[in-house]
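Participant: Below is a structure I'd like to ask you about.
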Amino acid sequence: MEKIYILCVAGQSNAVGYDESPIPADYTPFLSDRRICQLGFYGEDDLNLVPLGACAQNFQDMRPYGHPDSAEKGTRGIHLPLANLLLPMIPPDASLAVLPCAYGGTGFTCGETGGYSAEGMRPEPGIWRWGERSPYYLAMRDRIAYILSRSEENRFFRMVWCQGEQDGADPAGHREGFDRMTRAFFSHFARAFPGRVYRGDWNRGIWFNLETTAFWHAIPGCREVWEGYRVWNPDTYIAVPRDTDTNALNGTGLTAAVREKHFGNDAFARVIAPLAAKAIADEAKEGPVRQ
């Protein structure tokens, strides 16, 4: 019987991972552990557990935007380096399945509603809104349930969320939408899969909110969005140093004309994944967090 632990990475562009820089030679050791996989989204990989490479299979297909000098097509995010750092936290006979659920340019207060295929557990391609009825949320929810349903031994591990840049004009609307969606998430899984969180429950202690780049923090409304995340649960808030590299260094500009909008230059592996792994480990030591 399989034993799978789920790490979900969701949100918008910095959750997708828009690192345009060339994949360095020393990145390859991350690929060596066969216990790390992903729930595929592209083509024949869809809804299969397949190896996780440097570029995750997100709701948004980034294969056309990778650096031309990289062997693997696509852009990089936190997925592979974080999964590698989290392996010591799960049983040695378990695999860690990364579930990428992100699309750039999305928000809670902007964009259209979009369509959803319940049968395929897929959002229609496009920049839609997040929210409790969003095709992104429904796909994320149903794909988590799909993995949990495969075996009684499977567990949800943690959520890493990075979202909010597009809602800078309406921070209060963002907070309201995020609160409704997360309440729906915890309530749904507490009913459908009670006791299926590894070392925790379906509450705020398993949901980690990751900061964005310094570019966005310079925008007043965006600062309010991230302060809202800090208040939502200070124990699962992941602060990122303002001097963390973006695509301004070694980027191509293929994903955005303003390269400072997105983490790059291998910052996910060097800086952000270690910060996230430490926050997850520290929270686990302190026990369950209030609902």
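The values are calculated or read from the model by the stated rules, or taken from the named source; none is laboratory data. Note that this is a predicted model, so its numbers are computed, not measured. Please note: Cβ atoms are built from the backbone with ideal geometry, for glycine as well, and neighbour counts cover all protein chains shown.
Participant: I'd like to verify a number: residues in the range 81-120 that are of a type in the set (A, V, I, L, M) and free of Cβ contacts under 8 Å to residues at least 60 places away in the same chain, how many?
Facilitator: 2
Participant: What residue, among those in the range 138-158 that are within 19 Å of M121 (Cβ to Cβ) and in contact with a Leu (Cβ under 8 Å, 6 or more places away or on another chain), is surrounded by the fewest Cβ atoms within 10 Å (Cβ to Cβ)?
Facilitator: The residue in question is Y146.
Participant: Right, another one. Go through the range 98-129 and count every residue that is more than 17 Å from the chain's Cα centre (by Cα) and in a loop (DSSP other than H, G, I, E, B).
Facilitator: 13
Participant: If you don't mind, another one. State whether the residues of the range 112-122 include one that is modelled with pLDDT of 95 or more, under 19 Å from G17 (Cα atoms), in contact with a strand residue (DSSP E or B) (Cβ under 8 Å, 6 or more places away or on another chain) and buried (at least 19 other Cβ atoms within 10 Å of the Cβ).
Facilitator: No - not one qualifying residue is present in the range 112-122.
Participant: What residue, among those in the range 234-257 that are over 18 Å from Y103 (Cα atoms), among the aliphatic types (A, V, I, L, M) and more than 17 Å from the chain's Cα centre (by Cα), is modelled with the highest pLDDT?
Facilitator: Restricting to residues being over 18 Å from Y103 (Cα atoms), among the aliphatic types (A, V, I, L, M) and more than 17 Å from the chain's Cα centre (by Cα), the top hit is A248.
Participant: Right, something else. When you look at Y103, is it surrounded by 21 or more Cβ atoms within 10 Å (Cβ to Cβ), of a type in the set (S, T, Y) and modelled with pLDDT of 95 or more, yes or no?
Facilitator: Answer is yes for this residue.
Participant: Which numbered condition in (1) surrounded by fewer than 24 Cβ atoms within 10 Å (Cβ to Cβ); (2) under 29 Å from L249 (Cβ atoms); (3) in contact with a Lys or Arg (Cβ under 6 Å, 6 or more places away or on another chain) is the only one that H67 fails?
Facilitator: With respect to (1) surrounded by fewer than 24 Cβ atoms within 10 Å (Cβ to Cβ); (2) under 29 Å from L249 (Cβ atoms); (3) in contact with a Lys or Arg (Cβ under 6 Å, 6 or more places away or on another chain), H67 is out only on (3).
Participant: Moving to a separate point now. Got at least one residue in the range 146-154 being touching a Lys or Arg at 6+ places or on another chain (Cβ under 6 Å) and in a helix (DSSP H, G or I)?
Facilitator: yes
Participant: What are the residues in the range 87-97 that are within 18 Å of the chain's Cα centre (by Cα) and in a helix (DSSP H, G or I), if any?
Facilitator: Hit for the range 87-97 is L87, nothing else.
Participant: Now for a different question. Specify the residue that is surrounded by the fewest Cβ atoms within 10 Å (Cβ to Cβ); the eligible residues are those in the range 12-32 that are modelled with pLDDT under 95 and among the aliphatic types (A, V, I, L, M).
Facilitator: Across the range 12-32, the extreme among qualifying residues is A25.
Participant: Next question, about the same structure. How many residues are more than 20 Å from I206 (Cα to Cα), acidic (D, E) and surrounded by fewer than 20 Cβ atoms within 10 Å (Cβ to Cβ) when one looks only at the range 162-188?
Facilitator: Count: 1.
Participant: If you take the residues of the range 266-277 that are more than 19 Å from E165 (Cβ to Cβ) and not aliphatic (A, V, I, L, M), which of them is nearest to the chain's Cα centre (by Cα)?
Facilitator: It comes out as P274.
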